[in-house]
Amino acid sequence: MDVTQAPAADPTAFILAQTVVATPPLVPEIKLHLATEITPIWEATEATLTQMNLPPPYWAFAWAGGQALTRFLIDHPDWVQGKRVLDFAAGSGLSGIGAAKAGAALIQAAEIDDFAIAAIALNARINNVAIDLVREDLIGVEPRWDVVLAGDVCYERPMAERVIAWFRALAGRGVAILMGDPGRAYLPQSGLLELARYQVPTSLELEDRTQRETIVWRLMP
């Protein structure tokens, strides 16, 4: 795709120009605006990095952790049915959309990237679900959800340490913390209850193999 098609200042136009509507392999029930290749969209975001401080386009891919977590929610709707749910560091909004399809009463999707927020809005629209968008770093806030969803949040030490400490505090207050993780380096080594295990097809452009075993965990206090 031509990286000059969309004005850099318009996240929605950028996303529409740089992605196609596709379905993640493990959750074909859901449609997302996804990048077909990693290099063009990465170059497109890098081209605007200096002027907009634009983060990498993590929102343009259906990561293994998010796919596994979403598959689990659709297959086991009791975890979110009728409940208040947060999709934390939501990326494309995949897990929040899955929670909506599973019957959650309220879904909030939190991101700190304007482009991710725009992507979640577009993805919610094409799946005909309602998601409340939250552009805020929520780490440390008081619990206002019954369930918190997190896919692939343990790939960097500083973020993982902040997130897990907050998650454990929330779990101690009765919030169910559900995490999808394909073996990232900074996943906690204790206090995890395995709920399900999936083989998720992946791209060699994003991962070091064509399939990753991915586990859905409940994080305990």
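When shorter helices are ignored and each DSSP H run of at least 4 residues is given -39500 (n - 2.57), the per-residue value for the chain at 222 nm works out to -9500 deg cm²/dmol. Fewest-first ordering of Lys31, Lys101 by other beta carbons within 10 Å of each residue's beta carbon gives Lys31, Lys101.
As a rough guide to protection, the peptides 63-69, 148-154, 126-132 ranked by mean Cβ packing within 10 Å, highest first, stand as 63-69, 148-154, 126-132.
The C-alpha radius of gyration of the range 99-221, expressed as a fraction of 2.2 N^0.38 Å, stands at 1.10.
In terms of other Cβ atoms within 10 Å, Phe88, Phe167 run from fewest to most in the order Phe167, Phe88.
Among DSSP beta bridges whose residues both lie in the chain, state the antiparallel percentage, nearest 5. Antiparallel bridges: around 50 percent, rounded to the nearest 5. Sequence-ordered 3J(HN,Hα) estimates for the range 156-168 from the Karplus curve with 6.51, -1.76 and 1.60 and θ = phi - 60° stand at 10, 4, x, 5, 4, 5, 5, 5, 5, 4, 5, 4, 5 Hz, glycine and proline given as x. Sorted ascending by nearby beta carbons within 10 Å, beginning with the fewest, Arg135, Arg218 become Arg135, Arg218. Backbone amide hydrogens, once placed in the peptide plane, bring Glu213 within less than 5 Å of Val200, excluding anything fewer than 5 places away on its chain.
Over all projection directions, the Cα-based convex hull of the chain averages an area of 11.0 nm².
Since every read-out is calculated from the coordinates, none of them should be taken as a lab result. Owing to the predicted nature of the structure, the values given are computational and were not obtained by experimental measurement. Glycine also receives a Cβ, built like all others from the backbone with ideal geometry; neighbour counts cover every protein chain displayed.
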